[in-house]
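Note sheet for the following structure.
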Amino acid sequence: MSSMSNAYKVPGRLAKFASAAIWWIASVSLFISIWELCWYMKWANPMLFPPPHLFLQDLYFVGKLFDKSTRLGNPTAGLIVWTIAKTIGASTLRVLIGLCLAFVGSLLIGIAIRFSPLFGRLVLPVINLLAPVSPIAWLPVAMLIFGLGNAPAIFLVYIALFFIMTLATLSLIDSLPIAYAQVARIMGGTRLQIFVQVVLPAILPGLFVVLRLNLFAAWMIVLIAEAVGVGGGLGLVVMIARNTFDSQLAFFTMFLIGAVGFVMDMGLREIQRRVLYWAT
Amino acid sequence: MSSQSIKHRITDFVWWCISIGLFVGIWELTFSMGLYSAQFLPPPHIFLGDLPNQLQHFDFSKANAGEKAASSHYHAVAKTISATVIRVITGLSLGFILGVITGSVIRYFRWFGKLLLPTVTLLAPISPFAWLPVAVFLFGIGNKPAIFMVFLAVYFIITLAAIAEIDAVQKNYLNVAKIMGATRLQTYVQVILPAILPGLFTILRLNLFAAWMVVLIAESAGSDSGLGALVMLAKMTGAPNLVMIGMVVIGIVGFIFDSMLRYVQKRVLYWIPEVQGSLPK
């Protein structure tokens, strides 16, 4: 009914998209103009809250801070945009590798726990014991074991996801309709066949949703690990901004982190839609 | 029946002991074979044996001039834990309540909602950690930046989830309310709110993990008390025993927290249906 109020003679989808776009622009420009107004009226201190046009215009100056080579006294390596892209790439890659490892690992362990009761009884209590330990607490351990670089960051992403997702796998398996297993058994499926051909495809979509929900935490733990100093990445830049009280850098980095987070969520959503098409 | 359940519990407990024993045993065995040093990854008997010594580090009054010294080590431990827990609870409550209110307002006032929602969606994917410098610029050092960051970790997620839940409320509920003559406000308060709360509470519990993580990092970067500051102190000074003890304490507190929320969920939101069903063992 309400869509009829749009009296345009354009296809419904296009009209919907156009109206969403217009509202988006209206909303965001209102937000930015209030911010800019506060700056213009001198209500907000530009040293603490630089408006978007300030923190986005100084790309060259801000970008230099992303370049680790300048800190070592080397000549600046290439374009500023390239330096920023490399920093973003370092963080993103750590998240993605950790995500993949944790997804596969928790799926295997979770299914193994339900497949073999003995294995489950031996392993499940340990997983329950370690699950509530915050990944932050693992941070010193990760750095003791793996030192600096990519390995501790990836390990932390793995830790942040593995226990939660193993427990999620178990609860997904437990909440499967019993009819699935009964039908498979009537049709002569062995236990292994039931797990591989019935249970696995039935829980994958749900597990993927759990992965997407925890992307937020995984993304954060990488930033934190980088801030503490595993080397490079966006987290380090946030820490530099905090320690030097550089608000332009802080807001610029927030902008980047928001954009990357958004793109990653979109990517996972798309994968979910394409690959796990049998989920409704 | 009851003897059956007692028997069941005993078996569970025995398996629990075997499992944990095996885990600790492998840890201790690899250590005693000399695969790594205690400086690297101390096994339980070393860091737990060092517990009385390490408890003094929970007392931050030496580091913070002007703060009264804790009367005993246990008092100091309690103070450190409660500082963190209070920050988490305050931030979670603020984030949850304001998130539900914002989400409802966005759907209740259509124009206002259309104007506000894109900005909320824009800010939501910014990791709470990226707000850290802003939190410190805004609130300085102490409780406020940590609470602010926990708030951020929950607020946007709950707001967006509230909108999604409001959209998913069964049409029948709304129709019945309308037939019975409910006004728009009555529908929101008496039908939609109780319908969305259980789902939102589950989402809050899922995000407890992230909130708990945020408070620790906020404490280590923008505060001088709490468990986060303790772990960072242990890491900086290279004290592996204190690191492991910090992990144990954080694990225990996290576990209690999750059980508490689970309990609240069961008691307060009693109208949630419980999912049942299982595979044959």
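Data overview
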| item | result |
| --- | --- |
| Subset tally (residues that are among the aliphatic types (A, V, I, L, M) and either within 16 Å of B:GLY228 (Cα to Cα) or open to solvent by 10 Å² or more (accessible area, probe 1.4 Å) (or both)) for segment A:224-234 | 4 |
| Among the residues listed as B:TYR155, B:TYR173, the single one being touching a residue at least 60 places away in the same chain (Cβ under 8 Å) and either in a loop (DSSP other than H, G, I, E, B) or open to solvent by 10 Å² or more (accessible area, probe 1.4 Å) (or both) | B:TYR155 |
| Some residue of segment A:193-216 being assigned by TED's automatic domain parsing to the domain that holds A:ALA90, assigned to a helix (DSSP H, G or I), aromatic (Phe, Trp, Tyr) and under 20 Å from B:ALA153 (Cα atoms) | yes |
| Segment B:234-244: number of residues that are open to solvent by 20 Å² or more (accessible area, probe 1.4 Å), facing chain A (nearest Cβ under 10 Å) and in a helix (DSSP H, G or I) | 2 |
| Verdict on B:LEU197 being away from chain A (no Cβ under 14 Å) and part of a helix (DSSP H, G or I) | yes |
| The lone exception for B:THR121 - which of (1) part of a helix (DSSP H, G or I); (2) within 7 Å of another protein chain (Cβ to nearest Cβ) it fails | (2) |
| When residues of segment A:251-267 are limited to those that are surrounded by fewer than 16 Cβ atoms within 10 Å (Cβ to Cβ) and of a type in the set (A, V, I, L, M), the one farthest from A:GLN197 (Cα to Cα) | A:ALA259 |
| Residue within segment B:104-114 that is assigned to a helix (DSSP H, G or I), among the hydrophobic types (A, V, I, L, M, F, W, C) and more than 13 Å from chain A (Cβ to nearest Cβ) present | yes |
| Boolean, A:VAL104 is under 19 Å from B:VAL24 (Cβ atoms) and either more than 11 Å from every other protein chain (Cβ to nearest Cβ) or of a type in the set (A, V, I, L, M, F, W, C) (or both) | no |
| Identity of the residue in segment A:131-169, more than 22 Å from the chain's Cα centre (by Cα) and open to solvent by 10 Å² or more (accessible area, probe 1.4 Å), that ends up modelled with the highest pLDDT | A:PHE146 |
| Exclusive hit being farther than 22 Å from A:CYS100 by Cβ and hydroxyl-bearing (Ser, Thr, Tyr), set A:TYR158, A:TYR180 | A:TYR180 |
| Residue list for segment A:169-188, filter: at the interface with chain B (Cβ under 10 Å from one of its Cβ atoms) and part of a helix (DSSP H, G or I) | A:SER171, A:ILE173, A:ASP174, A:ILE178, A:ALA179, A:TYR180, A:ALA181, A:GLN182, A:ARG185 |
| Unmet requirement for B:ALA164, which otherwise passes all of (1) in contact with a Ser or Thr (Cβ under 9 Å, 6 or more places away or on another chain); (2) closer than 23 Å to B:LEU122 by Cβ; (3) among the hydrophobic types (A, V, I, L, M, F, W, C) | (1) |
| Pairs, first without any contact (Cβ under 8 Å) to a residue 24 or more places away in the chain in segment B:248-259, second outside any helix (DSSP H, G or I) and surrounded by 20 or more Cβ atoms within 10 Å (Cβ to Cβ), C-beta under 6 Å, six or more apart | B:GLY251/A:PRO132; B:GLY251/A:VAL133; B:PHE255/A:PRO132 |
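Rundown of residues vs (1) open to solvent by 60 Å² or more (accessible area, probe 1.4 Å); (2) at pLDDT below 90; (3) polar (S, T, N, Q); (4) touching a Phe, Trp or Tyr at 6+ places or on another chain (Cβ under 9 Å), yes/no style:
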| position | (1), (2), (3), (4) |
| --- | --- |
| A:PRO75 | yes, yes, no, no |
| A:THR87 | no, yes, yes, yes |
| A:ALA90 | no, yes, no, no |
| A:CYS100 | yes, no, no, no |
| A:GLY110 | no, no, no, no |
| A:ARG121 | yes, yes, no, yes |
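The values are calculated or read from the model by the stated rules, or taken from the named source; none is laboratory data. Worth saying up front: this structure is predicted, and the values here are computed from it rather than measured. Virtual Cβ from ideal backbone geometry, glycine too; neighbours counted across all protein chains shown. Accessible surface areas use protein heavy atoms only, side chains included; no ligands, DNA or RNA. Shrake-Rupley method; radii C 1.70, N 1.55, O 1.52, S 1.80 Å.
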